[in-house]
Structure formats: structure tokens, C-alpha cells
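Beneath this line is the structure, given in C-alpha cells, with notes to follow.
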Amino acid sequence: MHTIRSDYFRQVFTNWWVYWKLEKKSFSNLREWWDIATIKIKSITIEASKKVNTTDDTIKALENKLETLKDISEPSRQQLEELADLENQIHSHYENKTDAARLRAKVDWYEKGEQPTKYFFNLERKNGQIKLWQKIRGLDGNLKYDIDEILDEQINFYANLFSTEGWDKNVAEELVTHMDKKLTCDESEDLEKDLTINEIKKIIFSMKQYKSPGLDGIINEFYQIYWDTIKEDLFEVLLEIFDKFEICDSQCRGMLTLLHKGGDRDNIRNWRPITLLNSDYNIIHIKTFSKSHEASIKQNYSYGSKRIRSREKYKRK
């Protein structure tokens, strides 16, 4: 997050955005324009990160210089100013490294102002190691260590888990028959209201920080920090999405990862697959779900609680 807050990133991004806004007519629709925009934002972020993040060797040199200045018994005003500047540079460097490590380590209870330590970096390394599959327990109960066998077990398990076996038309019709709750005219009109820019702002600033980004690499904080810069253009894109009932290509993709639920780590049934989605998709999801959920609560049944599953029975082993 330090990178997108830097003066370098802010200047490069805002200057580019002024130009990029004028390119909308070069695309067949705003969704395509936004897709390319997210790619460019990711590129700018990577480049800015290289510029902003001071190398460890440089920091070591600054720390040595700082110690030398501290040893001066009666420093001049210029030396005091230099000392303060060095302290700020060093502090900013370690704050940035800690923020990045905390994001990857997923430590939610860290508080700003806490001194950077090796804890976050060690935890990040540990989290990476425990996600590596060095063995897996097959359906026959035996452990397999070969990488190809591990991959085959994983592919077969999830292919079977998420494959469809059709649906029962009678069950579906019966379910619909028992849905006797209906929206009132006022509730229906409320759902049909046009999207407003204030709604989007409220959603964006309610999104949690330090969450892992989707494939586009753009974190929630970007939308919060640069809201005033992108709000009108983002709003135009969202209006088109809701009008056409079609999201951007980049919003159709996600990054899959596995979370351990507990129990034997070698048993793939004890791992839950999750998809890391782009922040812009989450904005759309929150907007769509919140209105529907609010209406469903008024009707005294939970939105989405009844679904027609592709399987009649689901067994957890």
C-alpha cells in the first residue's frame, strides 16, 4: 500500500489518467476501456514499486550514516535536519516492508505504530511453506509423494466435486411453488432505482483493507485513495455494466487458492478452495447482493438460502 501512496505513483498515475480518460471513444465499449485501464494500473504499480522501495543495501548505508551523525556531540542545524531526514527514510522503508509482509501473512490484529519485527516475515514464509503439497493421501488411503500423482489426485477430486449430475425438475417446481412471498410495489421500485455515485462510494469505503487482490493486482485501498480521481469514470463503467447486464472480461476471472479447514493436512477433503476476485467485481457483487438481501429480509426469508443443488446428496467424508 505504501507504493500507491507514494508521490511518484500519484504523479505518474494521475497524469496518465488524464490522458486515458480521453481514450474512451477508441474502444467499442467502456468495459473494454476499463479492462485495459486495470492492466495499465497494475503495470504502473509494479514500476512505481521498483522506484519507491529502497534496496536493503541502500538502507544499510543510510543506517551507517545515521549512526555516524548520532555520534557527533554538537551537531549543526544542517546535520540535525539530515539526521531527521535519514530517520524518516529508514522508518518509511521498514513500514513499507512490514505492510507488505502483513498483507501476505494475513495478520488482522496488527496495529499501526507497532515496531517492525521479523515476525511478519517469518509468518509469511511459514504460510507459503505450509501450502506446498509434498504428499497427499489418495482415495485408497495411501500417501503419494510423486508430484504428478499429487496433481492427479487434486484434479480428480475437484473434477468430481464440481461436476454436474443434472437437476430434478419436480424439485425445482416444488421449490418455486412454496415461494409465496412477494415484493411490495415500493420494494420492487426500490430495487429498480438507478445506481448512484454515492452508493458506490459507500461500498468502496466499507471494503476492508489489507485483503489479497484478485488477478488484476489492484487492492481495495487503491479505490479508496484515488476515489476522487476515478469516481466519475468508474461510475460510467458500472452504469454500463448494470445497463447491459454484462461484466468486464477481467471480472470473469479469479485466482484459486486452498485454505486448510483443520484435520489431516494430507487429506484434500480438509482443504477449502476459494477464489480471490478483483475489487471492482466485489463492488458489483456488494451492490447487487445488498439490495436483494435487504428486500428478502423484509419478506422474512433469507436471500439465496434455498438453492437447487446439482446433487441430491452431498456427503462429507
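Assorted remarks:
- Considering each residue of the range 153-160 in turn, at least one proves to be acidic (Asp, Glu), outside the structural domain of Val237 (by TED's automatic domain parsing), outside any loop (DSSP other than H, G, I, E, B) and modelled with pLDDT of 85 or more.
- Scan of the range 174-199 for residues that are surrounded by 10 or more Cβ atoms within 10 Å (Cβ to Cβ), of a type in the set (D, E, K, R) and not in a loop (DSSP other than H, G, I, E, B), ordered by number: Glu174, Glu187, Glu189, Asp190, Glu199
- On inspection, Ser163 fails the criterion of being at pLDDT 85 or above, in a loop (DSSP other than H, G, I, E, B), out of contact with any Asp or Glu (no Cβ under 6 Å at 6 or more places or on another chain) and within 30 Å of Asn267 (Cα to Cα).
The values are calculated or read from the model by the stated rules, or taken from the named source; none is laboratory data. A quick note: this is a predicted structure, and the numbers were derived from the prediction, not measured. Reconstructed Cβ throughout: ideal geometry from the backbone, glycine too, with neighbour counts over all protein chains shown.
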